[in-house]
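Readers should treat all values here as calculations from the given coordinates under stated rules, not as data from a laboratory. Please read all numbers here as calculations on a predicted model, not as lab measurements. Here the Cβ is made from the backbone with ideal geometry for all residues, glycine too, and neighbour counts use every protein chain on show.
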Amino acid sequence: MIEVEGLSLDIGALPILRDVSFRIGAGEVFGLVGESGSGKSLTALSLMRLLPAGAAVRGSVRLEGRALFDLSEAEMCALRGAAIGLISQEPMTALNPVMTIGDQVAETLLVHGRAGRAEARRLAAAKLARVGLGEVPPDRYPHELSGGQRQRVAIAAAVALRPRLLIADEPTTALDVTTQAQILALLKGLVAEEGMSLMLITHDLAVVAGMADRIAVMQGGRIVEQGPTGAVFRALGHPYTRQLFAASEHVPDRIPHRGGDVLLEVRGAVRDYRLPRRSPVGAHPVLRAVRGVSFTLRRGESLGLVGESGSGKSTLARAILGLEPLQGGQILLDGAPVRAGDPRMQVVFQDPYGSFNPRHRVGRLVAEPFHAAGRPPDAAARVAEALEAVHLSAADAQKYIHEFSGGQRQRIAIARALITRPELIVLDEPVSALDVSVRARILDLLAELQERFRLSYLFITHDLAVVRAITDRVLVMRAGEIVEEGETAAVLDAPRHPYTRELVAAAPAIPTDWRGERRHG
Amino acid sequence: MRVPVQLVAGGALAGVFLALALVSLVWTPHDVAALSIADKLRPASAAHPLGTDHFGRDILSMIMVGARTSLAVALLAVGIGMAAGVPLGLIAAANRGGLIDELVMRANDLVFAFPSLVIAILITAVFGPSAVNAILAIGIFNIPVFARVTRGGALSLWTLDYILAARVAGKGAARISIEHILPNLLNLLIVQGTIQFSLGILAEAALSYVGLGAQPPTPSWGRMLAEAQTLIYTDPALAIIPGLAIVLTVLGLNLMGDGLRDLLDPRLRRIRA
Amino acid sequence: MLRHALSRLISLGLSLAVASLVIFLVIEVIPGDPAAYMLGMNASPDTVAALRRELGLEGSLAERYLGWVAGMLTGDFGTSYTYRVPVAQLVADRLEVSLPLALYALALSTAIALPVGILAAARRGRATDYGIIGATQLGIAVPNFWFAMLLVLVFAVQLRWFNAGGFPGWEAGLGAGLKALTLPAVALALPQASILARVLRSALIETLGQDYIRTARARGLTEGQALRRHALRNALIPVLTILGLQFSFLLAGAIIIENVFFLPGLGRLIFQGITQRDLIVVESVTMLLVAAVILVTFLVDLAYAWADPRLRRRA
């Protein structure tokens, strides 16, 4: 179907891709796996010839025998959307905000001259129904749809002309796990129905394991290994594949804790937001983000808080940190209401890039939590100690944050949380923005620090694998309420609440028999 | 770091006029207050490199002193705008959605609703024409510009995690505004400052042209143009030279602004209006 | 949509009320008695007292303010002290020049800026783009009144294609009227066109970098189609903002240009009002200009909702 031979790409003087070769058969699902910066997305754009200015490609791409790099731009335009479709990662930005969804799907038909205006509109509505948007009128605008619905619109527009190859670049990375399962099922169904080929680009081994017939593993612009999915997973021939696999399955060595006395107690917490008024007169409508949540966290334990976007888990986290007022209930740390600036409680955020003031040196950044309690005389020594605890060096205190990688920044964030020798650290999606290999090392570090400093963790995440790896107990949150609570292993292995069951079922997993062979071998 | 070419070119252009203005403080080729009808309307010569005007004054000397007037008025007006606008913007952003924010923004809209030149004319007419009143009139209209730019930039910074981290550390809104928000807005403010500086020069020229800027005998570019207008049929050079001085200074500052923007933050794209 | 318009309408009314109060108070703070101020130093106490009555200066501050506002709402803007005619009549006469001039300049500026901005964005990073950037950079730096003088020098003095100034009135015919307004309109339009073209260019380039443009290209649109069908409408919002600002500027900011060309417009009226201390004219014309700006802002606001569905609310 499509044959890629010796594809190399440079952007300016920067080498991006080197000698990439693969073929995808008709009706086949081909998985392209790699960490960020491996060149997997630019491989896709090379096939579409939609590269940024200053890009130079070599090699050949043949789609059903036609050499794409020899075609004129006009011929390429005729091919795009008709023979090859593309879905990109961000459903929030991939659709034109000022055009109705129906028009965006119909446009594919119109620009290729395959239908008149009325006919295109009718076909677009049919396509939208096929991708599961039968209930959504085609005259809606993208902002009126959820992330999952938008991704369905993008799929409808991409497959409107039944292309022979569909390229999906991280199509579910920005989505919740239950939505991800639905979108993956939709893609699988379309492949089977239309007999098209699918090139699925992802960083998630578990996603390709469940979808792809064959996979290729990319690292630093090269394909290091490819073959049938099962065979690649069983053999793990290449060291990088092995490393990737180990990292994605990684469970840090940690001693489970029952926990001592109650450290944090949340009693019937309620948080309302006032929404903008609908008209100049009248009351503000109210959104209840947290609806009477109660739980306790014991000293020394690691408690997971799992939920999808919009579940209220981040709002709850900010309330626990004393950053948001409650409209009902109480949050107590060691028996007293929580307040911002309490040295016994610290936080680590998700985004390793937005978590630091770029104008301050690391030493000052790490020492910031001293603000409320007062700066101790040995502050500099404490900063050095904290940096060394996260396996950075004391000399790093003199550097600026832009000199560090994402993983290193997350270590600095942890050092900042350690500086006041807290009892509780709230971790808000601390590894979600990191590549799997970096994530594994950060999880190891968190496990080690918990032992060493007798810390308690409140670990907020959407990722069940992370919860399983690092928590003793787990709370499952949905629509502002906690629907299930219990020992982590018990909840994940035998969920009782229907929502937890749905969540566990939706989480993609590498088949256990593939894993089994690796352990024996 | 590569220095953008506009910054170099613009800086050089604006630098020439800045140098002329500074030199005029201690020395000019001729006394600009001394009238000498005998020397009137001389073409360019060694004694008068740009010639003389209808009162026999040396044009180069007038351009030099005029540069001082223009730059001083515009710079002080930017100072007024920043001194009042930046704190207002910071306070509004710190109280986003609150009553203070609403008040500041509505007051801003109100100032924007007044045609700036009309109000400048009104102010200078009511309080008498002078350079100080020109500074005030231009400065008042710089306030909402800086307030708006500061508020917009601060609002996006307030959503960042490092602000949350500072709040977790127990820092209050005032401290966060000064320690975390303001330093990260400096680039934005420098760029906007350059733009307002150049707009101030244009505004000062317009006010002096209609006689509401610096008063005689202080030379200013705008009034040189006004006086040249009646002589445009016979001595067009008198109208062309001060105009060129304005254009080159403003062009230099605008180029500098673009260059600074590219240098300080390539992602920063302020819409200039 | 209707609700949005309604809530904007209420804030429009509030803005007008506050603006009128501000203008009234600014005129009030003029030191001394306005009547004495208007009549100059040599006026006798009797004339001053007579003028005070005529101006309605008797009564409390609140009464006078309400009287002024009530008058304006019924179309009574007072009587000009210097011209001895109703201000409403004066304004109507002057609008016959100012409004066509503003519209003429706005049309010119838009007609120049749209193609130029689009061309620069389509050819971004190439020689055409750099040429346009340079030209617009220059256009922004030129003071419009100086540009007007150069136009007079070239087209009136040298080439003698146009008159150096004056306005024959619309009675002289549409052609003659437009001809008299051409140089002033060009002088006003060119700097504005430079600003508009730059805003359009950068808005378009920003939009062209968005994900949905790449998605559109992946659906088979050519670069030109993607620009026309997707980028242009999204780039419209900043352009609308600038257009709104420019209309107000062109209406009110033409004061100086009207002076250069000796045009009997609103700008000249207010300027003369100030120099002749005719406070009634100043007060009323300023209020009218501010009202025009607020009204245009309101219309631009409504246009946003038309251009961007995210600002509409489904009822």
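Overview of results
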{"quantity": "Anisotropy class of chain C from Cα gyration tensor, a/c 1.5 cut", "calculated": "oblate"}
{"quantity": "Antiparallel DSSP beta bridges within the protein assembly as shown, as percent of all bridges there, nearest 5", "calculated": "55"}
{"quantity": "Whole-angstrom gap from segment B:135-207 to segment B:223-263, using each part's C-alpha centre", "calculated": "29"}
{"quantity": "Relative counts (whole %) of C-alpha pair distances in chain A, using bins that are 10 Å wide", "calculated": "4, 16, 24, 25, 19, 10, 2, 0"}
{"quantity": "Residue among A:Ala397, A:Phe245, A:Val504 farthest towards the positive dipole end of chain A, charges placed on Cβ", "calculated": "A:Ala397"}
{"quantity": "Alpha-carbon centroids, segment B:21-54 and segment C:205-257: separation in whole Å", "calculated": "49"}
{"quantity": "Rounded FRET efficiency, nearest 0.05, which uses the C-beta distance separating C:Trp161 from A:Arg496 and R0 of 51 Å", "calculated": "0.05"}
{"quantity": "Choice from B:Gly222, B:Gly172, B:Gly139 showing the highest fluctuation, given a GNM over chain B with Cα pairs closer than 10 Å", "calculated": "B:Gly172"}
{"quantity": "Listed residues C:Asn163, C:Gly67, A:Ile223: farthest to the positive end of the dipole of the protein assembly as shown (Cβ charges)", "calculated": "A:Ile223"}
{"quantity": "Chain A - mean residue ellipticity at 222 nm from DSSP helices (-39,500 (n - 2.57) per run, n ≥ 4, rounded to 500)", "calculated": "-10500 deg cm²/dmol"}
{"quantity": "Cα→Cβ-extended label distance, 7 Å offset, between C:Leu114 and A:Ala373, nm", "calculated": "6.5"}
{"quantity": "Spatial separation of Cα centroids for segment A:48-72 and segment A:370-417, in angstrom", "calculated": "48"}
{"quantity": "Approximate spin-label separation A:Ala505-A:His391, in nm, with each point projected 7 Å along Cα-to-Cβ", "calculated": "3.9"}
{"quantity": "For segment C:165-182, 3J(HN,Hα) per residue [Karplus equation, 6.51 cos²θ - 1.76 cosθ + 1.60, θ = phi - 60°, Hz, x = Gly/Pro]", "calculated": "x, x, 9, x, x, 5, 4, 6, x, 4, x, 4, x, 5, 4, 5, 8, 5"}
{"quantity": "Alpha-carbon spread of segment B:137-203, three principal axes, descending order, Å", "calculated": "47, 19, 15"}
{"quantity": "C:Ser44-A:Arg58 pseudo-label distance in nm [points 7 Å out on the Cα-to-Cβ vector]", "calculated": "10.3"}
{"quantity": "Taking all pairs of distinct alpha-carbon atoms in segment A:104-225, Kirkwood radius in angstrom", "calculated": "15.5"}
{"quantity": "Shielding by partners - mean other protein chain Cβ count within 10 Å, residues of A:94-102", "calculated": "6"}
